[in-house]
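The values are calculated or read from the model by the stated rules, or taken from the named source; none is laboratory data. All values reported here derive from a predicted model rather than from experimental measurement. With ideal geometry, Cβ positions are generated from the backbone for all residues, glycine too; neighbour counts draw on all protein chains shown. Accessible surface is based on the protein model in full, side chains and every heavy atom, while ligands, DNA and RNA are left aside. Shrake-Rupley method; radii C 1.70, N 1.55, O 1.52, S 1.80 Å.
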Amino acid sequence: MPFTPLHMGPGLTIKAVLQRRFSLMVFGWSQVAIDLQPLLVMLGGSGELHGWSHTLLGATLIALLCGATGKHLGEWGLRVVLREPRHLPIAWRVSFASAFIGTYSHILIDSVMHVDVFPLHPLSNSSPLRAIISIDALHVLCLVSAVVGGLVWWVLDRKR
């Protein structure tokens with residue numbers, strides 16, 4: 001299912017570690033953007049579910065797009081929707097770094113659990129990370145990282 005919130009768990013841990021050098025807003029935008037292609041396949045009923053968007057090349061292109069658009073979208077979200085201006089502004093380097101971390105971590109996670117993710121395509125149709133751990137263990141890891149990372153980030157953010 002596209003747009004799984006489990007991908008945000010590692011993002012919360014990264015936010016706790018990097019603080020202002022990482023944008024959870026841009027990271028989240030990149031998680032949604034990378035799954036637009038699978039959503040279109042699901043809605044249209046044809047095509048490769050995890051096709052070009054779940055390759056390193058596709059993830060790089062999506063990260064560039066998300067880095068370029070994420071700064072302004074993230075700032076708008078923080079200012080207007082969440083009313084959190086103290087997290088502004090989002091620096092350009094933070095926007096691009098967060099987008100790349102987002103798309104590459106997305107393929108990493110999906111490479112473990114989906115049989116149709118080939119991150120090295122078109123160079124290779126192998127999936128070396130497939131089933132390196134069980135799907136249940138991967139879900140637990142994502143959930144634990146969300147709880148731990150979220151708590152650490154919240155505590156550190158409140159101290160500022």
With x for Gly and Pro, the residue-by-residue ³J(HN,Hα) of segment 140-148, computed from phi through the Karplus equation 6.51 cos²θ - 1.76 cosθ + 1.60 at θ = phi - 60° and given in whole Hz, is 4, 4, 5, 5, 5, 5, 5, 5, 5
If each part is reduced to its alpha-carbon centroid, segment 71-119 and segment 23-65 end up apart, in Å, by 12
Per residue, the convex hull enclosing the Cα atoms of segment 108-160 spans a volume in Å³ of 85
Relative contact order in percent for segment 17-160 (Cα pairs under 8 Å, 6+ apart) equals 26
Per residue convex hull volume, Cα only, segment 83-128, in Å³ is 108
For segment 44-160, the percent of accessible surface on carbon and sulfur atoms (probe 1.4 angstrom, ligands and nucleic acids excluded) is 73
Lys and Arg at +1, Asp and Glu at -1: neighbours of ASP35 with Cβ under 15 Å from its Cβ sum to -3
Convex hull around the C-alpha positions of segment 1-131: the volume in Å³ per residue is 107
The equivalent-ellipsoid semi-axes of segment 72-160, taken as the square roots of five times the Cα gyration tensor eigenvalues and listed largest first in whole Å, are 32, 19, 10
At q = 0.17, 0.25 Å⁻¹, the log10 of I(q)/I(0) for segment 1-53 from a Debye sum over equal Cα scatterers comes to -0.57, -0.89
Rounded to the nearest 500, the 222 nm mean residue ellipticity computed for the chain from DSSP H runs (n ≥ 4, each -39500 (n - 2.57)) alone is -20500 deg cm²/dmol
Note, segment 110-122: 3J(HN,Hα) by Karplus (6.51, -1.76, 1.60, θ = phi - 60°), whole Hz, Gly/Pro = x, goes 5, 5, 6, 9, 10, 6, 9, 9, 10, x, 8, 4, x
